[in-house]
1. Sorted by accessible area (1.4 Å probe), largest first, how do Leu2, Leu41 line up?
2. Just the accessible area per residue of the chain, please: how many Å² with a 1.4 Å probe?
3. Assigning unit charges at the beta carbon (Lys, Arg +1; Asp, Glu -1) and nothing else, what dipole magnitude in debye, to the nearest 20, does the chain show about its Cα centre?
4. Over what distance in Å are the Cα centres of the range 20-38 and the range 89-121 separated?
5. Using DSSP H assignments, which helices in the chain have an axial alpha-carbon span of 24 Å or above and a mean Kyte-Doolittle hydropathy of -1.0 or higher?
6. Considering amide H positions built from the backbone, and no H for Pro or chain starts, which residues 5 or more places from Leu17, or on another chain, come under 5 Å of its amide H?
7. What is the local net charge at Ser98, summed over the other residues whose Cβ is closer than 12 Å to its Cβ (Lys, Arg +1; Asp, Glu -1)?
8. Express the Stokes-Einstein translational diffusion coefficient of the range 20-69 in µm² s⁻¹, to the nearest whole number, given a Kirkwood radius over alpha-carbon pairs, 25 °C and a viscosity of 0.890 mPa s.
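The values are calculated or read from the model by the stated rules, or taken from the named source; none is laboratory data. For clarity, every value in this text was computed on a predicted model and none was experimentally measured. Methodologically, a virtual Cβ is constructed for each residue, glycine included, from the backbone with ideal geometry; neighbour enumeration extends over all protein chains shown. Ligands, DNA and RNA are stripped out before the accessible areas are found, and what is left, the full protein with its side chains, is counted by its heavy atoms. Shrake-Rupley method; radii C 1.70, N 1.55, O 1.52, S 1.80 Å.
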Amino acid sequence: MLAAGIHVISTLNVQHLESLYNTVEQLLGVKVRERVPDSVLVEADVVVNVDLAAEDLQRRLKEGKVYPKGRAAAALENFFTHSNLEHLRELTLREVASQLDFKRREVKADTARTAAVRQSR
């Protein structure tokens, strides 16, 4: 789609990033089957972190706003524990900070290259 010039807007839960597979397994004891290559995030023009406190997400689960209520109870007892959500939140903040730093360095390097080319003329 991108190659065809189509703008893509998507969401991604941090536990699905390929590079975080081992970290997520160690922290949460969960093997995430669905993984996305990190290049998807790296190539994004814009990354927006939608941050939600663990308690708020748990409340939304209980209210049936994320999963059907019958499925929410099991999710809260297994994957969506307070501890797991806090670990995932921290991973997300670190990943977004890393991506911002990478993009900032990339822009800085491009600016330096452009300036060097102009000076050599």
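1. Working: Leu2 120, Leu41 25 Å².
Highest to lowest solvent-accessible surface, that is Leu2, Leu41.
2. Values: 9120 Å² over 121 residues.
Heavy-atom SASA per residue in the chain reads 75 Å².
3. That gives a dipole near 280 debye.
4. The range 20-38 and the range 89-121 have Cα centres separated by 27 Å.
5. Details: long enough: 82-120 (57 Å, -0.87).
Span-like helices in the chain: 82-120.
6. The list, which skips near neighbours in sequence, is Val36.
7. Working: positive: Arg94, Lys103, Arg104, Arg105; negative: Asp38, Glu95, Asp101.
For residues surrounding Ser98, the net value is +1.
8. On the way: Rh = 13.6 Å.
Roughly 180 µm²/s, to the nearest whole number.
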